[in-house]
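Asks: A single structure is presented below for examination.
The values are calculated or read from the model by the stated rules, or taken from the named source; none is laboratory data. In this text, all values refer to a predicted model and were calculated from it rather than measured experimentally. When we count neighbours, we look across all protein chains shown, and the Cβ atoms used for this are built from the backbone with ideal geometry, even at glycine. Protein only, heavy atoms only, side chains kept; ligands, DNA and RNA dropped before computing areas. Shrake-Rupley method; radii C 1.70, N 1.55, O 1.52, S 1.80 Å.
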Amino acid sequence: FFFLRASGAMAKRLIPLLDRVLVQRMEAPKSVGGILLPESSMSKLNEGKVVAVGPGRRDKDGQLIPMGVKEGDKVLLPQYGGSEIQLGDEDYFIFRDEDLLGILKE
């Protein structure tokens, strides 16, 4: 439990640069209908939660282009891409704002 809290604090201290977004990929369910599936048979879940957002990119005139997502948004991730980083014992991904496919509403 202590490590989860510490790694979450580390992610909060990391502020992505420019138009980058720090995302934590959602965990795939461990079982389907009570049957345990091996990890190799499960595909990656393409959903994630935005943990931190950079300030945005500037256009040719120096105007700040606002980010399309905010902290706490649930987003649809591309199947490939992003830079994987590890903070504490947690895995995160950094994507550009334009690489995210969409925001998932509940």
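Asks: Is it fair to say E84 is in a loop (DSSP other than H, G, I, E, B), under 11 Å from the mean Cα position of the chain (by Cα) and at pLDDT 85 or above?
Replies: no
Asks: Pairs only if they're at least six apart or on different chains, beta carbon under 9 angstrom, first in region 88-106 and part of a helix (DSSP H, G or I), second open to solvent by 40 Å² or more (accessible area, probe 1.4 Å) and of a type in the set (G, A, S); list them, first residue then second.
Replies: Close Cβ pairs (under 9 Å, with a partner that is open to solvent by 40 Å² or more (accessible area, probe 1.4 Å) and of a type in the set (G, A, S)) amount to D97/G68; E98/G68; D99/G81; D99/G82.
Asks: Further question on the same structure: All but one of (1) touching a helix residue (DSSP H, G or I) at 6+ places or on another chain (Cβ under 6 Å); (2) open to solvent by 40 Å² or more (accessible area, probe 1.4 Å) hold for V51, so report the exception by its number.
Replies: (2)
Asks: In this structure, does G72 turn out to be open to solvent by less than 60 Å² (accessible area, probe 1.4 Å), over 16 Å from M26 (Cβ atoms) and without any contact (Cβ under 8 Å) to a residue 24 or more places away in the chain?
Replies: Taking the combined requirement at face value, the residue does not satisfy it.
Asks: Sticking with this structure for a sec: Could you look through region 54-65, keep only residues that are part of a loop (DSSP other than H, G, I, E, B) and within 16 Å of L17 (Cβ to Cβ), and pick out the one that is most open to solvent (accessible area, probe 1.4 Å)?
Replies: Per the stated criteria, the residue is P55.
Asks: Could you grab me the full set of residues in region 83-98 that are surrounded by 11 or more Cβ atoms within 10 Å (Cβ to Cβ) and within 13 Å of D19 (Cα to Cα)?
Replies: Passing the criteria: I94, F95, R96, D97.
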